[in-house]
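Contents: one structure, followed by commentary.
The values are calculated or read from the model by the stated rules, or taken from the named source; none is laboratory data. All values derive from a computational prediction rather than experimental measurement. For the accessible areas, the whole protein counts, side chains as well, though only heavy atoms, and no ligand, DNA or RNA atoms are used. Shrake-Rupley method; radii C 1.70, N 1.55, O 1.52, S 1.80 Å.
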Amino acid sequence: MKNLKKLMSVLLVAVILVSVSACGNPSKKDAGNAEKTDAAMQYLKPEELKDKADDYLILDVRKAEDFEKGHIANAVSQDMDAAKNGDTAAGEKTMKAAVEGNDKPVVLVCYSGKAYAQAATNALAAIGYDTSKVYTLEGGMKAWEAAYPDAIEK
């Protein structure tokens with residue numbers, strides 16, 4: 001019985017040591033599984049953009065064929081479909097070219113204000129662009145079309 005108590009004590013200490021060491025030291029296999037964090041986004045309402053569009057670099061990050069069907073005046077097509085679908089290198093290349101030499105705040109226009117704009121914001125953050133100067137059009141092109149159906153270029 002005395003030996004059983006000693007054995008139980010030793011096992012308890014071993015279990016505690018293994019648990020403590022495992023918590024603070026993820027294995028190499030687990031180290032690559034950290035969740036990707038999206039860059040913070042800030043929004044600009046369509047009415048805030050309407051009369052001040054010339055003050056911004058407007059990047060339409062929807063698919064190029066949808067840009068061709070209709071877009072906000074002076075917007076530049078910067079298709080982020082590949083980045084939205086996981087090709088971060090393509091997204092970074094697209095955004096780097098889009099903002100090179102730009103000194104205006106950027107407005108990202110996507111479909112409804114989330115996935116494509118998030119991919120573009122993440123790419124801008126990854127290339128070191130100051131994302132405090134990056135806005136997403138709240139509600140995306142859907143909101144713009146609803147508010148200003150006559151202010152769409154084709």
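Brief remarks on what is shown
- Expressed as a whole percent, the accessible area of the stretch 76-144 that falls on carbon and sulfur atoms is 49 (1.4 Å probe).
- Backbone phi angles across the stretch 80-95, fed through the Karplus curve with coefficients 6.51, -1.76 and 1.60 (θ = phi - 60°), yield HN-Hα couplings of 10, 4, 4, 5, 4, 9, x, 8, 5, 5, 5, x, 5, 5, 4, 6 Hz in residue order; Gly and Pro are listed as x.
- Residue-normalised accessible area of the stretch 27-154, expressed per residue, 1.4 Å probe, Å²: 56
- Cα-Cα over 18 Å, subset of 52/84; 63/93; 114/142: 52/84
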